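Below is one structure, written out as structure tokens; comments come after it.
The values are calculated or read from the model by the stated rules, or taken from the named source; none is laboratory data. All values derive from a computational prediction rather than experimental measurement. Surface areas here come from the heavy atoms of the whole protein model, side chains and all, with no ligands, DNA or RNA. Shrake-Rupley method; radii C 1.70, N 1.55, O 1.52, S 1.80 Å.
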Amino acid sequence: MQLPVVDPIQGKILGAQKNVNEALLSPSILEAIPDAVAAVNQLGVIIQINAQTETLFDYTREELIGQKIEILVPERQRSDHDRHREEFHARPKLRRMGSGLDLYGRRRDGSEFPVEISLSPVGTAEAMFVLSVIRDISDRKRIEEELRKTNAELERRKARELRDSQNRMALIVDSSQDAIIGKNLDGIITHWNKGAEQMYGYSGPEMIGRSIAVLCPKDRPDEIPGILAKIQRGEIVEYFESVRVTKDGRRLDVSISVSPIRDTDGRIVGASAIARNITAQKKVEEQLRQSAKMEAVGRLAGGVAHDFNNLLGIVTACSELLRGGVNQEGLEYLDNIREAAKRGASLTRQLLAFSRRQPMQVQVLDWNERLKDVSKLLRPLMGDDVQIMLQAKSGQAIVEADAGQLDQIVMNLAVNARDAMPHGGKLIIETAVVEFDSSFASEHPGMNAGRYVMLAISDTGVGMDETTRSRIFEPFFTTKDVGKGTGLGLATVYGIVKQMGGQIWVYSELDRGTTFKIYLPSAAHKMGSSEALDSEALPKRREGTTVLVAEDDVVMRKLTKKMLEEHGYTVLEAQDGQAALEIMGKNHANIDLLLTDVVMKEMSGPELVLKVIDTHPEMKIVYMSGYTGELVANQGADATIQLLEKPFTRSSLLKMIDGALG
């Protein structure tokens, strides 16, 4: 089968677009940003946009993706833009709105309009991308121009014309959604538009005559005096980001510009401030940064687990092969070796669970019933001074999940709760079935509209501060003393929940306890499906059956060969994918099954399989890997092909091969 020829540049574009879409820029996040957004790679090629970009520039998504970003830049500025873009990629740094640059965008019909652009470099495992947030400031420019015209007119006209100008200015100012506030040189508010009313919650009569400092947080006492000092010197305070406090105590992230107001004689008599609420934009930017960080840490954790699983596979295989040649005392030592390998494998499973590459034995079950059994294990774990309360708010809580991993979620969270309650308290476990609409889903990136089963685990312990809360799902992060925790408990919970297609949120304050809420998609419509457990009996010997083993780790390859040969198999060895193809070409009529590692140098397992199936479509195939799940998630392999997870025992190896042969 001839593979299709793919243009290398287009392939890079598609690969980069897939990476951004799947790892960082989900539609729910992009569409939550009110401004136009374009993601651009290092070649200056557009790889993703949101709907606002289509509206603003009058292009469709298909027309823009794959084009140079300069298509949106006026022709007179394109040469300079290309140079600036290269300089930015050489020294990437966050550039916020209001950088003082005179920038313009170009629509499909060639018309130009003024814009503000923030640039956010976003790093991934493969490359760096730039997230450009583009805002049309035509209205703002118009307002500022009208304000300047109005001020000039105030200097020229007499009382009647002055009153007319003031009326026009009031209409313009009140039409803006931005907060536009006038104040004198002492900071006393003299004008308060409708945009300010909507943003801060105060009416005009409430604020006129009061100090502007009422909007400034108490932890920024020098900000307002510093701005007023600059205004008195005739300086314009360009757009800067700050925080303001609303009437109901909420803190808003705002972008502010302040300009001096002059009387007819040119004397500075006050200041005009324009503020825009950018809280939603800041939240999305933080989610993107956190998503990139968690993705990078997850890749690292998965890689460590992959290498460690290979080592454990060698240890386990050696202990299996030595059992027939040692005395009783030696068997005890072998049992200790196997037990240590099992503990090591348990640790790697936690790492793989965080990196979302842990295989699951999925079944449809009632979480309410499962919790009744788990609670029996919790009581001795939590101690007599902790009261355990189970509260099922719905008759059934049906989910499609791995029962063992559900238990692990509860046990890990319970252990954390126990540590947070050194003097006892309450552990409250609640379940409920909830329905989320599209509006809720749009406000919570990662969630889809539909029915979910909610598990809430609450404790009355010491709680957490914001710094701790922001890091609790990171692997190896712990607040416990040295030797008292691995820092993998909550990281494991996070990985399991994400792998099951769910969401997890934590609510906590110091001295007020903690609540973890987990949402998994409801599987009530699949009620009755389940999977039977495999038998533990070894399969019959296979005399005269030939297996080709492709494994680049020489020790692992030799041990696998020995275990298969002891069960009657004839084994051919290949040190890599190319060697496997050569052996296949010489002996294909005699080979019954290909057992190949997924990750190998030069040629990966899935690449080898594609070449083998092309010439020998009837060939039986089994993958093996210590990096569970990567064959489906990252290597593009057929998910129907069976996977033997390292470290594996003689029993699991033989049963997997026997099952594949049929």
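Here are the numbers for this structure:
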{"read-out": "In Hz, Karplus ³J(HN,Hα) per residue of the stretch 224-237 (6.51, -1.76, 1.60; θ = phi - 60°; x = Gly, Pro)", "value": "5, x, x, 5, 4, 5, 5, 4, 4, 8, x, 8, 9, 8"}
{"read-out": "Pairs from LYS620/LYS655; LYS93/LYS230; LYS149/LYS247; LYS68/LYS498; LYS141/LYS283 whose Cα-Cα separation, in the structure shown, is over 23 Å", "value": "LYS93/LYS230; LYS149/LYS247; LYS68/LYS498; LYS141/LYS283"}
{"read-out": "Pairwise centroid distance, computed over Cα atoms, of the stretch 555-619 with the stretch 47-99, Å", "value": "48 Å"}
{"read-out": "Distant-in-sequence amide H partners of ILE137 (H built 1.01 Å from N, under 5 Å)", "value": "VAL115, GLU116"}
{"read-out": "Rounded to the nearest 10 Å², the accessible area of VAL462 at probe 1.4 Å", "value": "70 Å²"}
{"read-out": "Computed Rg/Rh of the stretch 100-153, alpha carbon atoms with Kirkwood Rh", "value": "1.19"}
{"read-out": "Note, ³J(HN,Hα) from phi for the stretch 547-555, Karplus 6.51, -1.76, 1.60, rounded to Hz, x at Gly and Pro", "value": "10, 9, 9, 10, 8, 7, 8, 4, 5"}
{"read-out": "Compactness of the stretch 539-618 as Cα Rg over 2.2 N^0.38 Å, two decimals", "value": "1.04"}
{"read-out": "Principal axis box of the stretch 356-425, alpha-carbon based, largest edge first, Å", "value": "38, 32, 16"}
{"read-out": "Most to least accessible of HIS89, HIS81, HIS525 (protein chains only, probe 1.4 Å)", "value": "HIS525, HIS81, HIS89"}
{"read-out": "GLY425 long-range amide H proximity, modeled H, under 5 Å", "value": "VAL386, GLN387"}
{"read-out": "Three principal axis lengths of the stretch 167-254 [C-alpha, angstrom, descending]", "value": "32, 32, 24"}
{"read-out": "HN-Hα J in Hz across the stretch 420-437 - Karplus 6.51, -1.76, 1.60, θ = phi - 60°, x for Gly and Pro", "value": "7, 10, x, 10, x, x, 10, 10, 10, 10, 10, 10, 7, 9, 10, 10, 10, 8"}
{"read-out": "Principal semi-axes in Å for the stretch 64-139 [√(5λ), Cα gyration tensor, largest first]", "value": "21, 15, 12"}
